[in-house]
1. Condition first: open to solvent by 10 Å² or more (accessible area, probe 1.4 Å) and on the phi > 0 side of the Ramachandran plot. Can you find one or more residues in the range 24-35 that meet it?
2. Can you work out which of the residues in the range 7-23 that are open to solvent by 30 Å² or more (accessible area, probe 1.4 Å) and β-branched (Val, Ile, Thr) is nearest to Val115 (Cα to Cα)?
3. Name the strands (runs of 3 or more DSSP E) wholly within the range 103-189 that hold at least 2 residues that are closer than 30 Å to Met89 by Cα?
4. Of the conditions (1) surrounded by fewer than 16 Cβ atoms within 10 Å (Cβ to Cβ); (2) over 19 Å from Cys20 (Cα atoms), Asp60 clears all except one; give me its number.
5. I'd like the full set of residues that are of a type in the set (Ser, Thr, Tyr) and open to solvent by less than 60 Å² (accessible area, probe 1.4 Å), limited to the range 36-57.
6. Is there any pair with a first residue in the range 133-161 that is without any contact (Cβ under 8 Å) to a residue 40 or more places away in the chain and open to solvent by 50 Å² or more (accessible area, probe 1.4 Å) and a second that is in a loop (DSSP other than H, G, I, E, B) and not hydrophobic (A, V, I, L, M, F, W, C) whose Cβ atoms are under 7 Å apart and which are 6 or more apart or on different chains, and what are they?
7. Spot the failing condition for Ile44; the list is (1) modelled with pLDDT of 95 or more; (2) in contact with a Lys or Arg (Cβ under 7 Å, 6 or more places away or on another chain), and only one is missed.
8. Just to be sure before I move on: is Val67 in contact (Cβ under 8 Å) with a residue 60 or more places away in the chain, β-branched (Val, Ile, Thr) and part of a helix (DSSP H, G or I) in the structure I sent?
Amino acid sequence: MSTPEKSPVYGTEDLLISLCNSVTRVLGVATHSQIHYSGMVQRISKTCLKPDIGCFVLFDGGFSGLVIINFSGQAAMELYANYLLNMGMSKDDLVSSYTSDEVSNVMGELMNQVVGDFTGKVRRELQTHITQNQPKMLALNKQVQLSVDANLDKPEARRVTFYTSNNNIFYLELAIDRTEFIKLYDFEAQEAPDPDALMAQSQEAPPVPAPPPAGQDDTDALLKSLGM
């Protein structure tokens with residue numbers, strides 16, 4: 001009797017890697033720059049919002065958790081500037097301080113895209129569903145640290161260090177309930193939809209021709225078939 005192969009198990013570190021990949025992919029595409037993260041991860045006892053700019057998102061559903069990203073002022077300004085310049089804004093129109101509301105708004109939008117990318121992968125690859133709240137971004141004083149209560153039963157917390165293309169640093173912190181996903185049977189994960197490809201496909205599709213107007217002969221044949 002052959003021993004059955006063990007089913008793949010996806011735990012905290014797997015979810016963390018997926019989230020880190022969402023950060024590098026989304027921020028890299030949005031800013032046209034290279035973002036990378038450390039090969040080492042820290043186990044931490046709690047998550048905190050820290051200076052200079054902190055952002056948090058709560059999610060719930062198949063599993064519950066909290067994502068925090070703490071940016072240094074230099075990292076926030078680099079990502080903010082690269083994002084808006086990539087969008088076509090003039091350099092003269094950019095603000096000069098990370099404490100500006102405009103910087104917080106832009107970083108909050110980028111965070112929203114990151115977590116949206118992550119929740120999409122969870123739906124496609126783990127076949128479960130999580131929802132998120134609107135990201136909250138705060139510019140913090142040097143002496144201020146805030147803890148966010150995620151109401152987790154058995155929390156596990158991790159911190160990962162990220163680097164921008166100019167070697168400015170920011171940190172991602174993840175706290176989730178201890179959980180494991182065990183694959184019950186083989187399935188193909190759905191591919192991420194490509195909005196650009198879908199739009200191009202819709203533009204290339206030939207228009208559906210309108211049916212030709214009925215001629216007199218067709219009308220006569222129809223009346224004859226009805227005995228009229």
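1. Looking through the range 24-35, at least one residue is open to solvent by 10 Å² or more (accessible area, probe 1.4 Å) and on the phi > 0 side of the Ramachandran plot.
2. To start, the set of residues in the range 7-23 that are open to solvent by 30 Å² or more (accessible area, probe 1.4 Å) comprises 7-10, 13-14, 17, 21.
Right, trim to β-branched (Val, Ile, Thr) and you get 9, 17.
Values: Val9: 22, Ile17: 13 Å.
Here the residue is Ile17.
3. Values: elements: 130-132, 136-139, 155-163, 169-177.
Filter on the range 103-189 gives 136-139, 155-163, 169-177.
4. Asp60 satisfies all of (1) surrounded by fewer than 16 Cβ atoms within 10 Å (Cβ to Cβ); (2) over 19 Å from Cys20 (Cα atoms) except (2).
5. Selection gives Ser38, Thr47.
6. Cβ pairs passing all conditions: Lys154/Arg178.
7. (1)
8. Numbers: in contact (Cβ under 8 Å) with a residue 60 or more places away in the chain: yes; β-branched (Val, Ile, Thr): yes; part of a helix (DSSP H, G or I): no.
No: the conditions fail for Val67.
The values are calculated or read from the model by the stated rules, or taken from the named source; none is laboratory data. All values reported here derive from a predicted model rather than from experimental measurement. Please note: Cβ atoms are built from the backbone with ideal geometry, for glycine as well, and neighbour counts cover all protein chains shown. The protein model used for the area step is the full one, side chains on, heavy atoms only, and it has no ligands, DNA or RNA in it. Shrake-Rupley method; radii C 1.70, N 1.55, O 1.52, S 1.80 Å.
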